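First up is the structure itself, then whatever we jot down about it.
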Amino acid sequence: TLQTGIGGIPNAVVALLAAGSGRDYGVHSEMFTDGLMRLQEAGKVRNRKGIYEGRSITTFAMGSRALYDWLEDREDVCFLPVDIVNDPAVIARNHDLVSINGALEIDLFGQVVADSIAGVQHSGIGGHEDFLAGAGLIADGRSLLCLPSTVTVRGETRSRVAPKLAAGSIVTSPRHQVDVVVTEHGIAELAGRTVGERAHLLAGIAHPDFRDELFEAARTIDRLGVR
């Protein structure tokens, strides 16, 4: 069962699944996207997911004109109120849920910023935290946070993996909810790890230009003995 959040990366991942060899997916996602449409068009969505069988579940659609035309009068895509779709207890009734969301920044403790930039609101929280929490209630559920390792601001390249969040940063999801973090440089599986282990794993998927300073910060966290 798939949930995909806003942003280019989650949409691209589902488009790749549509072109791949996998099949027998289900959809339970606050937002319905062009990527999910392509997955369903490819005949790979059967929605044998334990709840709302046979139907993709969503609250709203955002994408192309083709997506809106495709959705019109479809009986296999069901729009339900957000207090149902985003309820972690309802989410947790799905089988094998994989939540795929984006992020703007993460620090070595695993605190995630996904809806603000430099302390200024950029977008809405949406289902980000709800689906991390819901996936965490499923024995075989996983939640993936995907982000590029760097960002360029006024010509300066900065790491999206930070030793610690800057003062005034707004946390979208707390560190204890984070399961898997993905950049173009690798995967950090954080669930069940100590604070020090998390810091080293996150430093390892940062851009190589920033890894030395991040590993030094991770060693400092380890020396403090924070568990």
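The values are calculated or read from the model by the stated rules, or taken from the named source; none is laboratory data. This structure is a prediction, so every number in the text was calculated from the model and none was measured. Here the Cβ positions follow ideal geometry from the backbone for every residue, glycine too, while neighbour counts run over all protein chains shown. Just the protein is used for accessible areas: all its heavy atoms, side chains included, with ligands, DNA and RNA removed. Shrake-Rupley method; radii C 1.70, N 1.55, O 1.52, S 1.80 Å.
In the stretch 1-49, the residue that is nearest to F79 (Cα to Cα) out of those that are in contact with a Ser or Thr (Cβ under 8 Å, 6 or more places away or on another chain) and of a type in the set (S, T, Y) is S29. All conditions but one from (1) more than 15 Å from the chain's Cα centre (by Cα); (2) open to solvent by 50 Å² or more (accessible area, probe 1.4 Å) apply to A92; the one that does not is (2).
On the given criteria, is A103 surrounded by fewer than 18 Cβ atoms within 10 Å (Cβ to Cβ) and either modelled with pLDDT of 95 or more or closer than 13 Å to L132 by Cα (or both)? Against the criterion (surrounded by fewer than 18 Cβ atoms within 10 Å (Cβ to Cβ) and either modelled with pLDDT of 95 or more or closer than 13 Å to L132 by Cα (or both)), A103 does not qualify.
Selection within the stretch 112-165: residues that are among the polar types (S, T, N, Q) and touching a strand residue (DSSP E or B) at 6+ places or on another chain (Cβ under 7 Å). The member of this set that is most open to solvent (accessible area, probe 1.4 Å) is T157.
Against the conditions (1) touching a residue at least 40 places away in the same chain (Cβ under 8 Å); (2) outside any loop (DSSP other than H, G, I, E, B); (3) open to solvent by 10 Å² or more (accessible area, probe 1.4 Å); (4) within 27 Å of N94 (Cβ to Cβ), I187 satisfies every one except (1).
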